[in-house]
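Okay, so here's the structure we're looking at.
The values are calculated or read from the model by the stated rules, or taken from the named source; none is laboratory data. All values derive from a computational prediction rather than experimental measurement. Cβ placement follows ideal geometry from the backbone for every residue including glycine, while neighbour counts extend to all protein chains displayed.
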Ligand SMILES: C[S@@+](CC[C@H](N)C(=O)[O-])C[C@H]1O[C@@H](n2cnc3c(N)ncnc32)[C@H](O)[C@@H]1O
């Protein structure tokens, strides 16, 4: 009997083994049908490797502000030419002290300066006197009516070294690399496309040239100007510096406004020196009204 039991056990084990071997054979036969993984071509990034691949889908656009905002700041409406009289209001001399502001910039006679967003020419006329007959004021604005008023004011004041230019937010209309100083008084916060505008202004400046923004202080609630027409120094720097301008200083002696000075760094390749900061008299040009 034990021999019979041993024979049965042997047959049973043999049967199990046979079943196992058969299924293993079937499995290897199936595996033989699977094509071998393709070898990566020399130099190609392996798929699913986590290394850099050539992008086939369009890159998502950089996150933008909602319309009407730039870097979290609401862009102010452009001041209409119909309010141009306000730009020549009598109280402006005390409120903004334009001559003291321009004195601080030490603009030399003979300089090429741009009054960007010149409006009806309140500062263009003063700049024209400072740079004198050997210098030029390129006065730009996006509103044709402002340019027309500016022309009339320059003519009435017999000032001939102002060149009025109708510009756009995309085209500064300024010559490349020729401008010594760009002045924007109460303008930057209205620019509808600050990045493009700044890029154009940078192109117009000669290396070492200055960009000056005069803006009502956003930090000062007592300054009687609508909030979107004011700017903080921090916000101005945040927006302007990434566009290739170096912060020089902020002058804070005006009652209501920052005078924020940047320059276009001198490219080491170009080795162009900055204009000497000598104060000019420019006495030969006509006096503004
Ligand atoms: C508040 S006014 C100031 C005018 C002048 N700077 C002044 O102080 O008398 C702003 C002027 O900037 C102009 N402006 C707005 N956006 C501009 C831009 N991107 N480029 C040039 N001028 C612009 C407007 O048309 C308007 O005449």
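Can you find even one residue in segment 62-73 that is within 14 Å of the ligand (Cβ to nearest atom) and either in a helix (DSSP H, G or I) or over 23 Å from the mean Cα position of the chain (by Cα) (or both)?
no
So the check is Cβ under 6 Å with 6+ separation or different chains; which pairs have a first residue in segment 118-133 that's at positive phi and a second one that's at pLDDT 95 or above and part of a loop (DSSP other than H, G, I, E, B)?
132/109
Got a number for residues in segment 100-117 being within 15 Å of the ligand (Cβ to nearest atom), touching a residue at least 40 places away in the same chain (Cβ under 8 Å) and assigned to a helix (DSSP H, G or I)? Even if it seems obvious, please write down each step before you answer.
Keep residues of segment 100-117 that are within 15 Å of the ligand (Cβ to nearest atom), which gives 100-102, 105, 113-117.
Then keep just the ones that are touching a residue at least 40 places away in the same chain (Cβ under 8 Å); that gives 100-101, 105, 113-117.
Add one more test, that the residue is assigned to a helix (DSSP H, G or I), and what stays is 100-101, 105.
Result for segment 100-117: 3.
Any residue in segment 232-246 that is at positive phi sitting within a Cβ distance under 9 Å of a residue that is buried (at least 18 other Cβ atoms within 10 Å of the Cβ) and not in a strand (DSSP E or B)? List the pairs, counting only those 6 or more apart or interchain.
Pairs found: 244/198; 244/202; 244/264.
Residue 212: more than 22 Å from residue 74 (Cβ to Cβ) and either touching a strand residue (DSSP E or B) at 6+ places or on another chain (Cβ under 8 Å) or touching a residue at least 40 places away in the same chain (Cβ under 8 Å) (or both), yes or no?
Working: more than 22 Å from residue 74 (Cβ to Cβ): yes; either touching a strand residue (DSSP E or B) at 6+ places or on another chain (Cβ under 8 Å) or touching a residue at least 40 places away in the same chain (Cβ under 8 Å) (or both): yes.
When the stated conditions are applied, residue 212 passes them.
I need a count of the residues in segment 184-196 that are more than 8 Å from the ligand (Cβ to nearest atom) and either closer than 22 Å to residue 208 by Cβ or more than 15 Å from the chain's Cα centre (by Cα) (or both).
Within segment 184-196, residues that are more than 8 Å from the ligand (Cβ to nearest atom) and either closer than 22 Å to residue 208 by Cβ or more than 15 Å from the chain's Cα centre (by Cα) (or both) number 1.
If you check residue 150 against the conditions, is it within 15 Å of the ligand (Cβ to nearest atom), over 27 Å from residue 253 (Cα atoms) and buried (at least 20 other Cβ atoms within 10 Å of the Cβ)? Give the steps one after another, and end with the answer.
Numbers: within 15 Å of the ligand (Cβ to nearest atom): yes; over 27 Å from residue 253 (Cα atoms): yes; buried (at least 20 other Cβ atoms within 10 Å of the Cβ): yes.
Spelling it out, residue 150 is indeed within 15 Å of the ligand (Cβ to nearest atom), over 27 Å from residue 253 (Cα atoms) and buried (at least 20 other Cβ atoms within 10 Å of the Cβ).
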